[in-house]
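Any read-out appearing in this document is the output of simple, stated calculations on the displayed coordinates, not a laboratory observation. Here the structure is a predicted model, which means the values were calculated and not measured. Cβ placement follows ideal geometry from the backbone for every residue including glycine, while neighbour counts extend to all protein chains displayed.
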Ligand SMILES: Cc1cc2nc3c(=O)[nH]c(=O)nc-3n(C[C@H](O)[C@H](O)[C@H](O)COP(=O)(O)OP(=O)(O)OC[C@H]3O[C@@H](n4cnc5c(N)ncnc54)[C@H](O)[C@@H]3O)c2cc1C
């Protein structure tokens, strides 16, 4: 077996890249090992936004905040399920992680103005938002490394870089000039860039491209196609890793530690069924196909305790044929749609954040009262106005494949739709919902009352941008399942991201960050970018701790 030594090994090349940058800035020799042939994992597939309150980008954009408010908010959302010692590090050190990224990578960032916290009405919550996203990044600047960047799940047919903030408006392009301008700006940048030899990428593609550029600048070693196989443990301390490098088992010893940043187990059906629910299907996840959870199990085999294994970053999805499910985000907030259960009854405020929506669907599902699948019901007016499922332009017909797969059903009247799908209560539900929509107030579930709901609403619809009647045929129903953006249960870690045993003792030399760790926020997604955000902040904390400059 080959053998070599580094100060620190980072396992996984998503948010783990920031841990590597941090350690390198501390003067440590660092090796990143990545299982797949690409760099970036789910982080590269993501929106790339991060929720790290109080950071310098937010301050420079004039977003007023205070540590007291941020802590009050996290105290309220975590409901005592996680110690402040654990989540408090995100508040204390997250802003420094952002500064390091600004210092050590070519990335630029902007404030996602008005993208509210997911519970903005709780104490300390922010309706104006605390999330930041990367500016478009020229991927050609990576040179030969461009080929390493994990490709996005859906490739646009023409170059049109759109940011998350831009998506909100693009979604409304058929309704609002700001959407048209957004599309034109994206197209101009994409095509214009191409003409001068640039390739602008956005979202998680931009974030990972920029982090990778930083990793190269700092001379950090990076091995792709090199999955972790085991940890080397001596006298209770992790002193190295065994990785399979191009099929050859290689021992890498470490002087300071190992950071496990290998993502979750969203692609492992057995683990999802064991820890979460037998009703779940791994085809419903939007996460990286290599996130199969073996790293969590390796840590467990060496004594690590696990936390929140029954939780994911749930995300209601369309189980359409193909490699990825369709995503449902603004579709649940925009006027003219409702979500119903197997009886055809509304059961929630459809516009709540996606993690809560998934928890509600899973929590209510029973054999004799099915909520999996739920159904999103809308009319032709809704279809004419907005994008749909992450793929369809306004007015574009739903693909035949969706009907053939039984994912979509269409009918001329609501009773006919109810009969075709088998949703007996649907006609009464739509009648009731239309009454609520006309009065502009959802007395049943409060849709549109939160600033979060309204972020993805239609500002042209008043008084409630999330409510609109469903009365313009034909009518549609599409299946909704509890998909996810990845799992968020994993290795139990403390405020320094150190892996813990069940008795609370620390496994020296072992750290867990991102989705390989138990969610620092418990069962909650506090705001847009909270998952990439904690991957970055705890990566920073772990690397600094391993370097001996923190804690
Ligand atoms: C479509 C989509 C949109 C999203 N949008 C957002 C957003 O805007 N903001 C946000 O905060 N979150 C978002 N998320 C969630 C977020 O992307 C993830 O939760 C986060 O990126 C996870 O980061 P990570 O570093 O833990 O894992 P990853 O980024 O998945 O990185 C883990 C890496 O480890 C590698 N790996 C796995 N096993 C091994 C092994 N045995 N050895 C070595 N390497 C291994 C994987 O191949 C992968 O490259 C989104 C997710 C998706 C899918």
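Quick notes
- Kirkwood's formula applied to the C-alpha pairs of segment 10-117 gives a hydrodynamic radius of 15.7 angstrom.
- Cα shape, segment 407-487, gyration tensor, a/c 1.5 rule: oblate
- Taking the convex hull of Cα positions in segment 84-196, its mean projected area over all directions (nm²): 10.1 nm²
- Against the chain, whose longest principal axis is taken from its Cα atoms, helix 354-364 shows a tilt of about 70°.
- Using alpha-carbon coordinates, inclination of helix 84-104 to the longest axis of the chain, degrees: 80 degrees
- Beta bridge orientation in the chain: antiparallel %, DSSP, nearest 5: 70 percent
- For the chain, the longest principal axis of the Cα atoms and the long axis of helix 530-547 meet at an angle of about 10 degrees.
- In this simple spin-label approximation, residue 393 and residue 146 carry label points 7 Å from Cα along the Cα→Cβ vector, and these lie 2.6 nm apart.
- Exposure proxy ranking, count of Cβ atoms within 10 Å, fewest first, for 348, 4, 112, 189: 4, 189, 348, 112
- Spatial separation of Cα centroids for segment 101-115 and segment 145-217, in angstrom: 15 Å
- With 10 Å bins from 0: P(r) over segment 316-484, alpha-carbon pairs, percent: 11, 43, 40, 6, 0
- The chain: projected area of the alpha-carbon convex hull, averaged over directions, in nm²: 24.0 nm²
- Among 168-174, 205-211, the order from most to least packed when residues are scored by Cβ within 10 Å on average: 205-211, 168-174
- Packing-based order for 36-48, 377-389, 20-32, 137-149, using average beta carbon neighbours within 10 Å, highest first: 36-48, 20-32, 377-389, 137-149
- Helix-only arithmetic for the chain: the sum of -39500 (n - 2.57) across DSSP H runs with n ≥ 4, divided by the residue total, places the mean residue ellipticity at 222 nm at -9500 deg cm²/dmol.
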